[in-house]
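Engineer: One structure coming up, written as structure tokens, with questions to follow.
What follows is calculated from the coordinates using simple rules that are stated; it is not laboratory data. The model shown is predicted, which means the values in this text are computed figures rather than measured ones. Using ideal geometry, Cβ is built from the backbone for each residue, glycine included, and neighbour counts are taken over all protein chains shown.
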Amino acid sequence: MLDATTRSGGTATASPRAAATEFLVPVPVVPLPAAPVPAAAAPARPLARLGRVLLSPWSRFSLLVALLAAAGASVLLFEPQKLLAEGWPPQVGGATAAAVFAVAYGLCTVAFVPRPLLNLAAGALFGSAMGLTTALAGTVLGAGLAFGLGRVLGQDALRPLLRGRLLKAADGQLSRHGLRSMLAARLFPGLPFWGVNYCAAVSRMGWVSFLVATALGSIPNTAAYVVAGARASAPTSPLFLIALACIALPMVAGAVMAWRKRHHLRKP
């Protein structure tokens with residue numbers, strides 16, 4: 001074969017591969033444009049972040065504290081318990097009055113109004129039988145409202161804080177034996193009604209156990225105060241004296257029991 005140049009000194013002939021290489025033109029690489037971002041995606045991120053912050057456990061717990069503080073302040077300012085006992089509309093009576101009183105009773109217990117005052121008012125307004133029914137309905141309603149608020153707004157934030165021995169023991173008792181534990185808490189005198197509600201809400205107790213135990217366990221104490229309110233105009237009557245005894249004796253028994261069991265609380 002001949003080389004790139006003929007032996008006779010003629011013109012050079014390029015090989016086919018070299019000729020093809022000479023005609024190759026470099027093509028610049030142009031990057032493809034990025035896919036357009038929808039206009040709604042940009043503001044969606046801050047809104048999603050804001051939603052996560054507002055729905056976080058501590059944000060909900062802060063809302064619960066604010067609601068309870070507002071409820072307590074409204075009780076101090078407006079004193080609704082006086083309206084229940086003294087300013088009842090005269091045109092409202094019968095079942096309507098009982099229903100209105102039960103709803104007001106429940107809202108007042110959420111706002112930290114002491115239940116003994118409300119029970120006395122129920123007895124004074126409706127008598128023993130109707131007053132007991134109305135007061136129990138308000139008790140269950142108020143307990144359910146407090147339990148729901150605590151469960152939705154406070155449980156996720158407070159459960160990680162249950163680290164102490166007593167707190168873990170109380171939580172385990174309420175979570176595993178909800179019905180009998182709540183029944184004992186309602187029957188035991190001296191325990192604040194609102195405190196028991198929110199402690200149960202932080203635990204894993206079920207709704208049915210909580211409401212049933214509240215209704216059953218509140219009967220003795222509620223009946224004693226209602227009868228005392230119904231018979232307050234006759235303080236020397238046997239029913240009034242029996243009601244006072246039913247109020248005082250459980251409180252004394254509870255104080256004695258707490259004093260005898262005090263050494264269990266001191267154990268490490």
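Engineer: Highest mean first, what order results for 227-240, 176-189, 98-111 on Cβ atoms within 10 Å?
Structural biologist: 98-111, 176-189, 227-240
Engineer: If you don't mind, there's one more thing I want to ask. Please compute the length gained on full extension between Val252 and Lys168, using 0.36 nm multiplied by the number of residues separating them and subtracting their Cα-Cα distance.
Structural biologist: Here the segment from Val252 to Lys168 would lengthen by 27.4 nm.
Engineer: Per residue of the range 55-65, in order, report the coupling 6.51 cos²θ - 1.76 cosθ + 1.60 (Karplus, θ = phi - 60°) as ³J(HN,Hα) in whole Hz, putting x for Gly and Pro.
Structural biologist: 9, 5, x, 6, 5, 5, 5, 4, 5, 4, 4
Engineer: Calculate, for Leu145 and Trp58, the FRET efficiency according to 1/(1 + (r/R0)^6) with r their C-beta to C-beta distance and R0 22 Å; round to the nearest 0.05.
Structural biologist: Efficiency at R0 = 22 Å is approximately 0.50.
Engineer: Starting at the first residue of the range 218-230, write each ³J(HN,Hα) from the Karplus equation 6.51 cos²θ - 1.76 cosθ + 1.60 with θ = phi - 60°, in whole Hz, x for Gly and Pro.
Structural biologist: 8, 4, x, 5, 5, 4, 4, 5, 5, 5, 5, x, 6
Engineer: What is the packing order of peptides 148-155, 131-138, 67-74, taking the mean over residues of other C-beta atoms within 10 Å and listing the highest first?
Structural biologist: Going from most to least packed, we get 131-138, 148-155, 67-74.
Engineer: Short version: ³J(HN,Hα) in whole Hz for each residue of the range 189-206, in order, from phi by Karplus 6.51 cos²θ - 1.76 cosθ + 1.60 (θ = phi - 60°), x for Gly and Pro, what are they?
Structural biologist: x, x, 6, x, 4, 5, x, 5, 4, 6, 5, 5, 5, 6, 6, 9, 5, x
Engineer: If I model a spin label at Ala234 and Leu179 as a point 7 Å from the Cα along the Cα→Cβ vector, what separation in nanometres do I get?
Structural biologist: 4.0 nm
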